[in-house]
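None of the figures in this text is laboratory data; all of them are computed from the coordinates on show. Values in this document were obtained by computation on a predicted structure and should not be read as measured data. Positions of Cβ are backbone-derived with ideal geometry, glycine not excepted, and every protein chain shown enters the neighbour counts.
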Amino acid sequence: MSGLRLENITKSFGAIQVLQPMTLAFKAGQVTAIVGDNGAGKSTLLKVMAGIHKPNAGAIYLDDKLLTNLSAADHRACGVEMVYQDLALAKQQNVVANLFLGREQTRTCFGFLNRTAMAERAKNELNRLGISIADLNTPVGMLSGGQQQAVAIARAALFEPKVLLFDEPTAALAAREVGQVLDLIRQQKEQGRIVILVSHRLNDVFAVADRIVVMKQGRLISDTPTAATSMSKVVENIVG
Ligand SMILES: Nc1ncnc2c1ncn2[C@@H]1O[C@H](COP(=O)(O)OP(=O)(O)O)[C@@H](O)[C@H]1O
Ligand SMILES: [Mg+2]
């Protein structure tokens with residue numbers, strides 16, 4: 001079976017069970033939003049999918065390949081990328097360096113970074129995504145919040161992943177910057193990727209998601225096509 005599948009995933013931190021047995025499947029070319037109150041377990045679920053946290057039980061499959069218990073680096077190598085809530089960018093380093101963070105291309109014979117190739121690829125990728133940053137040598141910390149978010153997304157999209165996980169990608173943005181990030185999310189869906197979006201901004205969720213999953217205290221409360229639900233029903237499921 002193709003797609004990403006979680007089967008009876010559980011996660012505890014010490015004595016606290018944060019994820020109750022969780023079974024969910026995600027299809028290519030679809031945006032699934034995961035919503036729920038603070039502490040519902042949304043970030044933990046994404047981190048389990050990204051290989052940051054090991055589940056206590058259950059299995060994760062991507063296109064029938066078993067990912068459970070592989071490292072975060074292996075998850076990336078298998079095509080699962082996450083855009084973190086805090087972006088996880090190196091603020092002092094420039095845009096190019098950030099796009100290749102942890103994946104620097106080296107000239108194999110000499111073992112040093114091939115800066116020309118990296119800069120070229122960075123420029124092409126940003127153009128392809130419609131992200132305009134005047135000078136790619138700018139330290140990322142000097143860019144606007146929206147531009148930093150765009151760099152974090154470009155970094156995740158650079159190696160053509162199968163799955164993109166977004167944790168609150170618009171939470172820290174000014175209203176005028178939100179549209180571009182939503183466009184980037186739509187583009188990833190149109191590329192046929194599996195897109196999973198955690199967000200507490202229901203306007204954004206209704207603007208980009210095909211499906212809305214509500215979590216509460218580590219449990220699945222509802223799982224509905226966006227077209228078959230409404231903002232008030234989702235709110236009711238979140239707080240109810
Ligand atoms: N690394 C951790 N160690 C211990 N407890 C954690 C850790 N990460 C999250 N938690 C706890 O798990 C619960 C769910 O957190 P989280 O997944 O961040 O929720 P959400 O993203 O829905 O707000 C919270 O009670 C939180 O305190
Ligand atoms: Mg969270």
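Listing for the model above:
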read-out: Residue in the stretch 35-48 that is within 16 Å of ligand 1 (Cβ to nearest atom), assigned to a helix (DSSP H, G or I) and charged (D, E, K, R) present; value: yes
read-out: Sole exception among (1) surrounded by fewer than 18 Cβ atoms within 10 Å (Cβ to Cβ); (2) within 22 Å of V208 (Cα to Cα) for K42, by number; value: (1)
read-out: Qualifying position, being assigned to a strand (DSSP E or B) and either within 16 Å of ligand 2 (Cβ to nearest atom) or not acidic (D, E) (or both), among V195, V178; value: V195
read-out: Residue in the stretch 7-16 that is within 30 Å of A207 (Cα to Cα) and of a type in the set (K, R) present; value: no
read-out: Subset of the stretch 205-222 (residues that are away from ligand 1 (no atom under 16 Å from the Cβ) and not in a loop (DSSP other than H, G, I, E, B)); value: F206, A207, V208, R211
read-out: Filter pass, A172 being over 24 Å from F26 (Cα atoms) and touching a residue at least 24 places away in the same chain (Cβ under 8 Å); value: yes
read-out: For D86: the one exception among (1) acidic (D, E); (2) within 16 Å of ligand 1 (Cβ to nearest atom); (3) surrounded by 13 or more Cβ atoms within 10 Å (Cβ to Cβ); value: (3)
read-out: Matching entry among I153, I194 (being touching a residue at least 60 places away in the same chain (Cβ under 8 Å) and under 27 Å from F13 (Cβ atoms)); value: I194
read-out: Residue under evaluation T32, criteria (1) on the phi < 0 side of the Ramachandran plot; (2) touching a Phe, Trp or Tyr at 6+ places or on another chain (Cβ under 6 Å); (3) surrounded by fewer than 18 Cβ atoms within 10 Å (Cβ to Cβ), criterion not met; value: (3)
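Conditions tested, residue by residue: (1) farther than 20 Å from A209 by Cβ; (2) within 16 Å of ligand 1 (Cβ to nearest atom); (3) over 13 Å from the mean Cα position of the chain (by Cα).
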| residue | (1), (2), (3) |
| --- | --- |
| E120 | yes, no, yes |
| R128 | yes, no, yes |
| I133 | yes, no, yes |
| G146 | yes, no, yes |
| A154 | yes, no, no |
| A157 | no, no, no |
| K162 | no, no, no |
| A171 | no, yes, yes |
| A174 | yes, no, yes |
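This table checks each residue for (1) within 16 Å of ligand 2 (Cβ to nearest atom); (2) part of a helix (DSSP H, G or I); (3) surrounded by fewer than 20 Cβ atoms within 10 Å (Cβ to Cβ).
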site: Q147; (1), (2), (3): no, yes, yes
site: A172; (1), (2), (3): yes, no, yes
site: L184; (1), (2), (3): no, yes, no
site: S232; (1), (2), (3): no, yes, yes
